[in-house]
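Below: one structure, written as structure tokens.
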Amino acid sequence: MMKEVVILIGLQASGKSTFFRTQFAATHVHVSKDLLRNNSRPARRQRQLIEEALLAGHSVVIDNTNATLEERAELIQLAHQYLASAIGYYFDSRPGGCLERNRQREGRERVPDVAIFATLKRLVRPSYDEGFEWLYYVSLEDDGAFVVSEWDAEESVSEQ
Ligand SMILES: Nc1ncnc2c1ncn2[C@@H]1O[C@H](COP(=O)(O)OP(=O)(O)O)[C@@H](O)[C@H]1O
Ligand SMILES: [Mg+2]
């Protein structure tokens, strides 16, 4: 099967890590800068981990906010360098829901509200022009289910 570099995109508390656990934990290696907090060069270490996984034939999920074109461009380039597909999942990032879920988190999992607003300012919606093989939109139902739909640039614009 074709290797995948799955790039999760969304504000803090948009549901990315939960989505990883429920959809990908059994099949994909988890790469997240949250797991590299004690590393002096997290960007370099993240790149190494992705390369190691792909070289070993594994698919990976990159579980960061991945808010900017620059961050994603590096990951997409890496995917293609190792003949893997770049697949993006954009999480509903209307701030209301994220602030609310963030408020319900405990300890270091919870971030200050200003961190969410700062990411919102940097957040650029993904597009196929970036080189993704596939792009999806993820929303959260009230009952906690994730709903995944094909990316529709028009629809995503009406989100905010
Ligand atoms: N589908 C869901 N429905 C309701 N709450 C959710 C859902 N997914 C995650 N959560 C809760 O929202 C919070 C943030 O989720 P998390 O997956 O940690 O987000 P992120 O990794 O994007 O920061 C957590 O407390 C989590 O339990
Ligand atoms: Mg997370």
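The values are calculated or read from the model by the stated rules, or taken from the named source; none is laboratory data. Here the structure is a predicted model, which is why all the values come from computation and not from measurement. Heads up, the Cβs are rebuilt from the backbone with ideal geometry, glycines too, and the neighbour counts pull from every protein chain shown. Quick note on the areas: whole protein, heavy atoms, side chains included, nothing else; ligands and nucleic acids left out. Shrake-Rupley method; radii C 1.70, N 1.55, O 1.52, S 1.80 Å.
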Q | Residues with amide H under 5 Å from that of Ile7, placed H, sequence gap 5 or more | A | Ile62, Ile87, Gly88, Tyr89
Q | Cβ-Cβ FRET estimate between Val111 and Ser40, R0 fixed at 22 Å, reported to 0.05 | A | 0.50
Q: Whole Å is fine, so just give me how far the alpha carbon centre of region 18-57 lies from that of region 76-152.
A: 16
Q: Give the residue from Ala56, Met1, Thr18 lying farthest towards the positive end of the charge dipole for the chain; charges sit on Cβ (+1 for Lys and Arg, -1 for Asp and Glu) and the dipole is referred to the Cα centre.
A: Ala56
Q. Got a number for carbon plus sulfur as a percent of region 33-160's accessible area, 1.4 Å probe?
A. 50
Q. When the chain is fully extended, how far beyond the present Cα-Cα distance does Ser17 get from Lys33, taking 0.36 nm per residue of separation?
A. 4.6 nm
Q.
Sequence gap at least 6, Cα distance under 8 Å: using those rules, report the relative contact order of the chain to the nearest whole percent.
A. 30
(Q) With θ taken as phi - 60° and the coefficients 6.51, -1.76 and 1.60, list the Karplus ³J(HN,Hα) couplings across region 78-87 in order, rounded to whole Hz; mark glycine and proline as x. (A) 5, 4, 5, 4, 9, 6, 9, 7, 9, 10
Q. Hey, in the GNM for the chain with a 10 angstrom Cα cutoff, which one of Pro42, Pro126, Pro95 fluctuates hardest?
A. Pro42
Q) How large is ³J(HN,Hα), in whole Hz, for each residue of region 49-64 in order, when computed from phi with the Karplus curve 6.51 cos²θ - 1.76 cosθ + 1.60 and θ = phi - 60°, using x for Gly and Pro? A) 5, 5, 4, 4, 5, 5, 4, 7, x, 9, 8, 10, 10, 9, 9, 10
Q | Given charges at beta-carbon only (K, R positive; D, E negative), |dipole| of the chain in Debye | A | 940
Q: Please provide three numbers in whole Å: the alpha-carbon extents of the chain along the principal axes, with the largest listed first.
A: 40, 38, 29
(Q) Could you report the chain's accessible area per residue, 1.4 Å probe, as an integer in Å²? (A) 56
